[in-house]
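Let me begin by presenting the structure, written as structure tokens, before commenting on it.
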Amino acid sequence: MFNFSQVSDSCIKCGKCVPNCTIHQVNPEETTSPRGFIELLGDYQKGELDLDKEAKDIFESCFLCTNCVEVCPNSLPTDMVIEEIRADIAKKFGIAWYKRLFFWLLRNRKAMDFFNKLGYTFHSCALKREPLGRGLIFRLPLKRRVIPFFNSKSFLNSYPERLNQGAKPQVAIFIGCLANYNYTTIGDSLVEILKELDYEIFIPKKQLCCGAPAYFTGDFDTVEFLAKKNIQYFETFIDQVEAIIIPEATCSAMIKHDWEVFFKNRGMKEWEERAKRVNSKIFMATQWLYNHTKLPKILEEKKKQLPLTITYHDACHAKKVQGIYKEPRELLAKNFKLVEMEDSNRCCGFGGVTIQTEKFHLAKLAGKPKAQMIKNTQANIVSAECSACRVQISNSLYEAGVEVEFKNPIELIAQALKS
């Protein structure tokens, strides 16, 4: 059993975390607050709390937004201990069949490719396109909800392994599952930007999911499988590339932060060190483009302000986990009017697989304030470097009747370069 008491005993019960907690904002009970979670985990460690269905429901209601970690005077890793208790929950109660199927698909790229094509083929049966292009809507009246598009061909299957050969230096792209299958224009845009910068592009075809969906759900067997497979694969080319760039906050945070934590908590020292070595080459896309390329200068030289107003949402895994928030804004502000929303740091409410399936009512409640903030800016586009946020915010905007489009900053930068 993970040592939950160490975290529980370090909590001074100051309450700074409580008003910032996403689940507490929509379900204001002490048990569903970071302070409450930590207290209950301490009781569980001492044998004073049964891991029953009520406890399961409480621990699975956390959005893992890390707001609490950001404001905690002791920087207690509340998100990490919630992830650890979910592994105990998975062992005791099992994992729902549809989640197990999904995680199996994440392990098996060819099967996932086939499933994606199947989804594309059956677009018209129960789904229709949302007018602003934010996703697909269930046709059934009681299921009106925006979900991501399916595409006939994934990003990884749309390009050869090497592009722009002969240019130096070389960079690799880790694309992420949603950008690979659903929002493929993100990868297309990243390729366009790297070609403009005259980089040789390596698209590793054997890359697998980073493991974040399984990690947040408690399926640690899948996390271990995916992390090890990816690390072994990355090691075959890591010395030949300047960077592995990722246009997704959740994926880059999982690889750069959570893989190390996962192996450390399991006492797997060798894999922890191997993950650390890989991490030295991992960058979120806008972070790397802003700090390591001439892209800011190129955008500046265009001296053209496009007639679009952008508001920027800080994805939890970008700003709070990786400290990345300045770079995308600086790049976008070169060619777009940038307007800040009231609280760009507030979690959009995606929350992971369990929140999006079994507790979607909580996701909807968490998403309403974000949709209103976006509306108040009167922006044309809301942007964030996270496709999970894209799924959630697109649905929240649709339900609120807000006609604002969502685009990844990489898509907008590519648009500015073309203008």
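Checked across segment 44-53, the condition of being touching a residue at least 60 places away in the same chain (Cβ under 8 Å), crowded, with 19+ Cβ neighbours inside 10 Å and either of a type outside the set (A, V, I, L, M, F, W, C) or closer than 21 Å to Cys347 by Cα (or both) holds for no residue. The residues on offer are Phe63, Phe37, and the sole one that is touching a Gly at 6+ places or on another chain (Cβ under 6 Å) and either of a type in the set (Asp, Glu) or crowded, with 22+ Cβ neighbours inside 10 Å (or both) is Phe63. Of all residues in segment 59-91, those being assigned to a helix (DSSP H, G or I), touching a helix residue (DSSP H, G or I) at 6+ places or on another chain (Cβ under 8 Å) and of a type outside the set (A, V, I, L, M, F, W, C) number 7. Return the residue satisfying two criteria in turn: it lies in segment 78-130 and is modelled with pLDDT under 85 and among the basic types (Lys, Arg), and of such residues it is surrounded by the fewest Cβ atoms within 10 Å (Cβ to Cβ). Result: Lys128.
Looking only at residues of segment 2-26 that are within 15 Å of Ile82 (Cβ to Cβ) and not in a helix (DSSP H, G or I), we find that the one that is nearest to the chain's Cα centre (by Cα) is Cys21.
For segment 219-251, taking the residues that are among the charged types (D, E, K, R) and not in a helix (DSSP H, G or I), the one that is surrounded by the fewest Cβ atoms within 10 Å (Cβ to Cβ) is identified as Glu235.
Residues considered: Leu208, Leu156, Leu190. Of these, the only one that is outside any loop (DSSP other than H, G, I, E, B) and not basic (Lys, Arg) is Leu190. Out of the residues in segment 367-415 that are assigned to a helix (DSSP H, G or I) and basic (Lys, Arg), state the one that is nearest to Gln287 (Cα to Cα). Out of the qualifying residues, it is Arg390. Residues in segment 259-275 that are part of a helix (DSSP H, G or I) and free of Cβ contacts under 8 Å to residues at least 60 places away in the same chain: Trp259, Glu260, Phe262, Phe263, Lys264, Lys269, Glu270, Trp271, Glu272, Glu273, Arg274, Ala275. Screening segment 3-16 for residues that are touching a residue at least 40 places away in the same chain (Cβ under 8 Å) and more than 21 Å from Asn67 (Cβ to Cβ) and picking the one that is surrounded by the fewest Cβ atoms within 10 Å (Cβ to Cβ) gives Asn3. For segment 391-403, the set of residues classified as under 21 Å from the mean Cα position of the chain (by Cα) and touching a residue at least 60 places away in the same chain (Cβ under 8 Å) consists of Val391, Ile393, Ser394, Asn395, Leu397, Tyr398, listed by residue number. Within segment 159-183, if we keep just the residues that are charged (D, E, K, R) and in a loop (DSSP other than H, G, I, E, B), the residue that is farthest from Lys195 (Cα to Cα) turns out to be Glu161. When Ala315, Ala333 are screened for being outside the structural domain of Ile85 (by TED's automatic domain parsing) and either buried (at least 19 other Cβ atoms within 10 Å of the Cβ) or in contact with a Lys or Arg (Cβ under 9 Å, 6 or more places away or on another chain) (or both), only Ala315 passes. Does Ile95 satisfy the condition of being β-branched (Val, Ile, Thr), in a helix (DSSP H, G or I) and touching a residue at least 12 places away in the same chain (Cβ under 8 Å)? No: the conditions fail for Ile95. Scanning segment 323-348 for residues that are out of contact with any Pro (no Cβ under 9 Å at 6 or more places or on another chain) and within 30 Å of Lys99 (Cβ to Cβ) gives Ile324, Asn345, Cys347, Cys348. Close contacts from segment 338-357, counting a first residue that is aromatic (Phe, Trp, Tyr) and a second that is not in a loop (DSSP other than H, G, I, E, B), with Cβ to Cβ under 7 Å and a gap of 6+ residues or different chains, come to Phe350/Gln356; Phe350/Ala363; Phe350/Ala388; Phe350/Cys389; Phe350/Val391; Phe350/Gln392. Within segment 351-366, take every residue that is outside any loop (DSSP other than H, G, I, E, B), under 15 Å from the mean Cα position of the chain (by Cα) and not hydrophobic (A, V, I, L, M, F, W, C) and give me the one that is nearest to Ala333 (Cα to Cα). Out of the qualifying residues, it is Gln356. The residues of segment 252-302 that are touching a helix residue (DSSP H, G or I) at 6+ places or on another chain (Cβ under 9 Å), over 20 Å from Gln322 (Cα atoms) and surrounded by fewer than 15 Cβ atoms within 10 Å (Cβ to Cβ), listed by number, are Arg266, Lys269, Glu270, Lys302.
Being in contact (Cβ under 8 Å) with a residue 24 or more places away in the chain and farther than 24 Å from Lys370 by Cβ is a condition met by no residue of segment 17-24. Every condition in (1) at positive phi; (2) in contact with a strand residue (DSSP E or B) (Cβ under 8 Å, 6 or more places away or on another chain) is met by Glu385 except one, and the failing one is (1).
Residues in segment 348-381 that are touching a Lys or Arg at 6+ places or on another chain (Cβ under 8 Å) and aliphatic (A, V, I, L, M): Val353, Met373, Ile381.
The values are calculated or read from the model by the stated rules, or taken from the named source; none is laboratory data. It should be emphasised that the depicted structure is a prediction, and the values quoted were computed from it without experimental measurement. In this analysis, Cβ positions are derived from the backbone assuming ideal geometry, glycine residues included, and neighbour counts consider all displayed protein chains.
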